[in-house]
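Below is one structure, written out as structure tokens, with a few remarks after it.
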Amino acid sequence: MALHPLAGKPAPKEILTNIPRLISAYYAYEPNPDVMEERVSFGTSGHRGCSFNRTFNEAHILATTQAICDYRKDNGVNGPLFMGMDTHALSEPAFISALEVLSANGVITMIDETLGYLPTPVVSHAILTYNNGLTPEDGLSDGIVITPSHNPPDNGGFKYNPTNGGPADTCITSWIADRANYYLENELEGVKYMPYDAALSAETTVRHDYVTNYVNDLKNVIDMDAIRESGLKIGADAMGGAGLAVWAKIAEAYELNMDIMNNHPDPTFSFMSVDKDGKIRMDCSSPSAMASLIDLKDKYDIAFGNDADFDRHGIVTPSVGLMNPNHYLAVAINYLYQNREGWSKHAAVGKTLVSSSMIDRVAADLGRDLKEVPVGFKWFVNGLVDGSYGFGGEESAGASFLRKDGTVWTTDKDGIILCLLAAEITAKTKRDPGEHYQDLVVKFGAPVYERMDAPATVAQKEVLKKLSPEQVTAETLAGETITAKLTEAPGNGAALGG
């Protein structure tokens, strides 16, 4: 794919999203449930869309939130619900819509004490911390995260995290989507909601200090003392995302030598460098989107950025600049399994099937089982909960890993700890992760990997999901003989969806 002429350059005013018009469309446009694209549909990370396209509008959120309330009632989930949002423009009105429904349904809803923005991993951490030691009879908590992740400024996203703290599995999301579409088909009949001012002041709406609890707990998953004592000069690009307050709190609490950039919300994300296709996208794994931080690589011992909900990471080192996500995952795995004495000797390495084979070689060298699963972080959740996975990572720069004592930290991707791990590695080994990857190349060789994205219609996606080995008639790929055609993941036997 050829780079767009604007790729890597500052975003010109002409491509910025008209935020007032976007918000107006959220309330003014009604989705047509007879149009497949305008129905509620959960992908690997919730329902996503754009209000201009009638794919992310008030009706979607009212219906989906009521469906979540119905699911909770039917499944005996009666603890508090933790809800957070990122800095995308559509996240604010979606937060309002969701709270209106949750309050009308009598759901105790934990919101940020300052009505601030919350990273996805901070919400996952809150759910797991609350549920620790509880049984369903005690009243387990769950959560909603309002984010379209790294996607463009005109996008919105809405996802449900059940009581395990991670992304909901397909059985749950299918149930919620079907229920939500039923409400859309019936013009929201049966959806309960109350005015926002009443919802905000309702007894069921509770202000909660998410950030302090998360930050204070970081010492149990990362060697924060080593980072502080090393005096590393750290560059943290908040990229205008949900972790605006988190990096500042971390730097203060642990006395880190950290510069924080783009630490203010801007729903147009006008400070971003344009991505490879000419769009503004907060993709911290993209050299084009990360161009401004890459230019500063020699100013810092280690630098990093995160996407809008802080579930992804981008690591910038003096030695190589922006690391390929696969390269950093291999380095992280190699380091963690040799430096976490509290982990079980049987804790496996979790990776998605489309991740680099370098991870396979590292896992084999460490003597650890490798579990290859389909795309989607939900496949790592159970393994992280019970400690049978020490690490779970996706090639799209999303991962999480266990606490030092081998217990669960988060069951959703955590870009914050992956960034801090890069600092820990640099502090304790005196070499940055880019240099460590070169060591792996010398030892194992250099796998060739490239990810290519292409648009697909709903109909095309359905065909791809049902693709069978017999329909793939090619016998060679890049001059090599195709030896196997998989429709199930080797690590858990789950369908790959094509």
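Within the stretch 396-410, identify whether any single residue is hydrophobic (A, V, I, L, M, F, W, C) and without any contact (Cβ under 8 Å) to a residue 60 or more places away in the chain, and answer yes or no.
Looking for residues that are hydrophobic (A, V, I, L, M, F, W, C) and without any contact (Cβ under 8 Å) to a residue 60 or more places away in the chain, one finds none in the stretch 396-410, hence no.
Gly49 fails exactly one of the following numbered conditions: (1) small (Gly, Ala, Ser); (2) in a strand (DSSP E or B); (3) out of contact with any strand residue (DSSP E or B) (no Cβ under 8 Å at 6 or more places or on another chain). What is the number of that condition?
With respect to (1) small (Gly, Ala, Ser); (2) in a strand (DSSP E or B); (3) out of contact with any strand residue (DSSP E or B) (no Cβ under 8 Å at 6 or more places or on another chain), Gly49 is out only on (3).
Could we say that Val77 is assigned to a loop (DSSP other than H, G, I, E, B) and β-branched (Val, Ile, Thr) here?
Judged against the criteria, Val77 is a match.
Hey, among Ala236, Ala242, which residue is buried (at least 19 other Cβ atoms within 10 Å of the Cβ) and in contact with a Pro (Cβ under 6 Å, 6 or more places away or on another chain)?
Ala242
Considering each of Glu113, Glu92, Glu100, Glu58 in turn, give the residue that is under 19 Å from the mean Cα position of the chain (by Cα) and of a type in the set (Asp, Glu).
Being under 19 Å from the mean Cα position of the chain (by Cα) and of a type in the set (Asp, Glu) holds for just one of Glu113, Glu92, Glu100, Glu58, which is Glu92.
Give Arg340, Arg361, Arg312 a once-over and let me know the one that is under 25 Å from Pro152 (Cα atoms) and either under 18 Å from the mean Cα position of the chain (by Cα) or surrounded by fewer than 24 Cβ atoms within 10 Å (Cβ to Cβ) (or both).
After applying the criteria, what remains is Arg312.
When you go through (1) crowded, with 20+ Cβ neighbours inside 10 Å; (2) without any contact (Cβ under 8 Å) to a residue 40 or more places away in the chain one by one for Lys73, which number turns out not to apply?
(1)
Among the strands (runs of 3 or more DSSP E) lying completely within the stretch 108-167, list those that include at least 2 residues that are among the β-branched types (Val, Ile, Thr) and closer than 13 Å to Leu81 by Cβ.
109-112, 142-146
Of everything in the stretch 1-42, what is closer than 21 Å to Gly157 by Cα and modelled with pLDDT under 95? Give them in sequence order.
Result: Phe42, single match.
Glu372 is checked against (1) modelled with pLDDT of 95 or more; (2) over 17 Å from the mean Cα position of the chain (by Cα) and fails just one. What number does that condition carry?
With respect to (1) modelled with pLDDT of 95 or more; (2) over 17 Å from the mean Cα position of the chain (by Cα), Glu372 is out only on (1).
Please work out which residue is surrounded by the fewest Cβ atoms within 10 Å (Cβ to Cβ), limiting yourself to the stretch 209-233 and to residues that are closer than 20 Å to Tyr335 by Cβ and of a type in the set (A, V, I, L, M, F, W, C).
Ala226
Of all residues in the stretch 293-309, which are farther than 9 Å from Met239 by Cβ and touching a residue at least 40 places away in the same chain (Cβ under 8 Å)?
Result: Leu296, Lys299, Tyr300, Asp301, Ile302, Ala303, Phe304, Asp309.
Considering only residues that are surrounded by 11 or more Cβ atoms within 10 Å (Cβ to Cβ) and among the small types (Gly, Ala, Ser), look in the stretch 446-498 and name the one that is modelled with the lowest pLDDT.
The residue in question is Gly498.
Determine which single condition Ala59 fails, assuming it passes every other condition in (1) touching a Pro at 6+ places or on another chain (Cβ under 6 Å); (2) not assigned by TED's automatic domain parsing to the domain that holds Tyr196.
For Ala59, the exception is condition (2).
Pick from Glu137, Glu185, Glu189, Glu100: which is of a type in the set (D, E, K, R), surrounded by 22 or more Cβ atoms within 10 Å (Cβ to Cβ) and more than 27 Å from Gly398 (Cα to Cα)?
Glu100
Is there a residue in the stretch 9-25 that is outside the structural domain of Ser270 (by TED's automatic domain parsing), under 26 Å from Lys378 (Cβ atoms) and assigned to a loop (DSSP other than H, G, I, E, B)?
no
Any idea which residue in the stretch 17-55 is nearest to the chain's Cα centre (by Cα), counting only those that are of a type in the set (A, V, I, L, M, F, W, C) and under 18 Å from Glu462 (Cα atoms)?
By that ranking, first place goes to Phe42.
Among residues belonging to the stretch 342-372 that are among the charged types (D, E, K, R) and free of Cβ contacts under 8 Å to residues at least 12 places away in the same chain, point out the one that is farthest from Asn382 (Cα to Cα).
Top of the filtered list is Asp360.
Do you know which of the residues in the stretch 418-445 that are in a loop (DSSP other than H, G, I, E, B) and modelled with pLDDT of 95 or more is surrounded by the fewest Cβ atoms within 10 Å (Cβ to Cβ)?
Taking the candidates together, the pick is Lys430.
Looking only at the stretch 199-226, which residues are assigned to a loop (DSSP other than H, G, I, E, B), acidic (Asp, Glu) and either over 18 Å from Thr114 (Cα atoms) or touching a His at 6+ places or on another chain (Cβ under 8 Å) (or both)?
The one that is assigned to a loop (DSSP other than H, G, I, E, B), acidic (Asp, Glu) and either over 18 Å from Thr114 (Cα atoms) or touching a His at 6+ places or on another chain (Cβ under 8 Å) (or both): Asp223.
The values are calculated or read from the model by the stated rules, or taken from the named source; none is laboratory data. Here the structure is a predicted model, which is why all the values come from computation and not from measurement. Cβ coordinates were reconstructed from backbone atoms using ideal geometry, including for glycine residues, and neighbour counts include every protein chain displayed.
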